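One structure is given below, represented as structure tokens, and several questions about it will come after.
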Amino acid sequence: MSKGKKLTPIQKKELDKKAEKYAIEFRKKLNLGDEPITDIFSLDFTKEFLLLKFPNEMNISGAYIEKTGREKTYKCIYINTNEPLGRQSFSFAHELYHALYEKSNDVLSVTNASQYDSIEYCADRFASYFLIPRNHLKKELIKIKYKRDKYNISYNQLFELQKKYRVSFMAIVYTIAQLDDKSLIPKNINQHFMKYKYEKYWRDLENRTLEHDINNKLNSVNPVFEWPKEFKENIEKNLSEGLVSHEDVEDIYDFFEM
């Protein structure tokens with residue numbers, strides 16, 4: 001995608017309202033209320049999509065593609081597993097926006113595109129509102145705020161919030177820093193934690209996370225390949241019916257898993 005002018009604060013404010021509206025409506029449709037989503041990939045509506053996960057090193061977080069086959073239209077969401085697990089949930093919600101509301105101007109979702117593209121910005125904001133219900137977050141921050149005289153927030157408290165919403169560390173940090181209720185924004189949120197948007201600090205973040213909770217893998221990278229269940233079943237069906245050869249199937253597997 002060629003970069004144009006950055007979105008202005010006024011444009012972002014209007015787009016933010018639009019994204020929040022869509023997220024709240026979709027949460028109501030799924031009867032989620034204001035509660036966090038334990039695992040976005042396990043929600044019933046995800047069965048509508050072929051979900052393909054594998055690593056890439058091309059700065060691509062995800063993609064949404066529709067492909068019309070002989071019998072139906074396939075809706076495919078791709079997620080880059082070369083990013084931390086929490087980021088993958090956010091990427092899925094981002095691509096969900098493209099599937100439900102507005103197709104992207106580009107097939108691939110590239111990092112920082114949201115600063116220039118209104119649709120990409122809306123997709124990011126939708127993901128944030130969908131995964132981190134603001135009313136719930138504010139209640140959690142009130143509990144933290146009144147435990148201390150000076151209102152700062154710690155790494156461990158952020159890790160616990162991250163676990164509640166199953167998102168990336170920076171999704172939590174950005175959301176808190178941008179709250180409309182300024183009294184709930186910790187004094188140290190911008191100074192201490194914004195550096196973790198840069199990949200060179202991810203290892204440090206992972207180590208801090210695992211020191212707090214060895215089972216919290218949200219800031220860890222596990223570059224695995226996961227086949228969409230329906231896609232794999234279709235390949236095996238075509239193979240059993242003699243519609244494709246073993247060599248063709250091996251070529252497909254090699255292509256995706258190399």
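Using θ = phi - 60° and the Karplus curve 6.51 cos²θ - 1.76 cosθ + 1.60, what whole-Hz ³J(HN,Hα) does each residue of the range 5-11 get, with Gly and Pro shown as x?
Rounded to whole hertz, the list is 7, 5, 5, 7, x, 5, 4.
After finding the eigenvalues of the alpha carbon gyration tensor for the range 26-110, what semi-axes result from the square roots of 5 times each, listed largest first in whole Å?
20, 18, 12
Right, something else. Evaluate the distance, in nm, between pseudo-label points positioned 7 Å from the Cα of residue 179 and of residue 237 along their respective Cα→Cβ axes.
Placing both labels 7 Å along Cα→Cβ, they lie 4.9 nm apart.
Residue by residue, what Karplus-based ³J(HN,Hα) values in Hz, rounded to whole numbers, does the range 59-66 have, using 6.51, -1.76 and 1.60 with θ = phi - 60° and x for Gly and Pro?
6, 10, 7, x, 7, 10, 9, 10
Roughly how many debye, to the nearest 20, is the charge dipole of the range 52-140 about its Cα centre, given +1 on each Lys and Arg Cβ, -1 on each Asp and Glu Cβ, and no other charges? Kindly include the intermediate steps, with their values, before the conclusion.
Working: 11 positive and 11 negative charges, 77 e Å.
Roughly 380 debye, rounded to the nearest 20.
Based on Cβ point charges of +1 for Lys and Arg and -1 for Asp and Glu, what charge dipole magnitude is obtained for the range 33-92 about its Cα centre, in debye rounded to the nearest 20?
About 360 debye.
Search the structure for amide H atoms under 5 Å from the amide H of residue 50, placed 1.01 Å from N in the peptide plane, and list their residues when 5 or more places away or on another chain.
Sorted by chain and number, the residues that satisfy this are 75, 76, 77.
Put +1 on the Cβ of each Lys and Arg and -1 on the Cβ of each Asp and Glu in the range 47-131; which of 82, 65, 94 then has its Cα farthest toward the positive end of the dipole?
In the range 47-131, that residue is 65.
Residues of the range 198-219 with backbone nitrogen within less than 13 Å of a virtual label 7 Å along the Cα-to-Cβ line of residue 154, please, listed as ranges.
The answer is 212-213.
Just to verify a number: FRET efficiency for residue 58 and residue 139, C-beta to C-beta distance, R0 = 30 Å, to 0.05? Intermediate results must be reported in sequence, preceding the final value.
On the way: r = 40 Å, r/R0 = 1.32.
Here the calculated transfer efficiency is 0.15.
Sticking with this one: Considering Cα pairs under 8 angstrom that are at least six residues apart, work out the relative contact order of the range 62-109 and quote it in whole percent.
Worked out over the range 62-109, it gives 43 percent.
Let me make sure I get this right: for the range 117-199, a, b and c are the square roots of the gyration tensor eigenvalues over alpha carbons, sorted descending. Under 1.5 in a/c it's rounded, otherwise prolate if a/b > b/c, else oblate. Which is it?
Note, shape of the range 117-199 comes out prolate.
Can you run phi through the Karplus equation (6.51, -1.76, 1.60; θ = phi - 60°) for the range 68-85 and list ³J(HN,Hα) in whole Hz, with x for Gly and Pro?
8, x, 5, 10, 7, 8, 9, 10, 10, 10, 9, 10, 7, 7, 8, 10, x, 4
Where a number appears in this text, it was derived from the coordinates with a stated rule and is not lab data. What you see is a predicted model; the values in this text were computed from it and never measured. Note: ideal-geometry Cβ built from the backbone for every residue, glycine included; neighbour counts use all protein chains shown.
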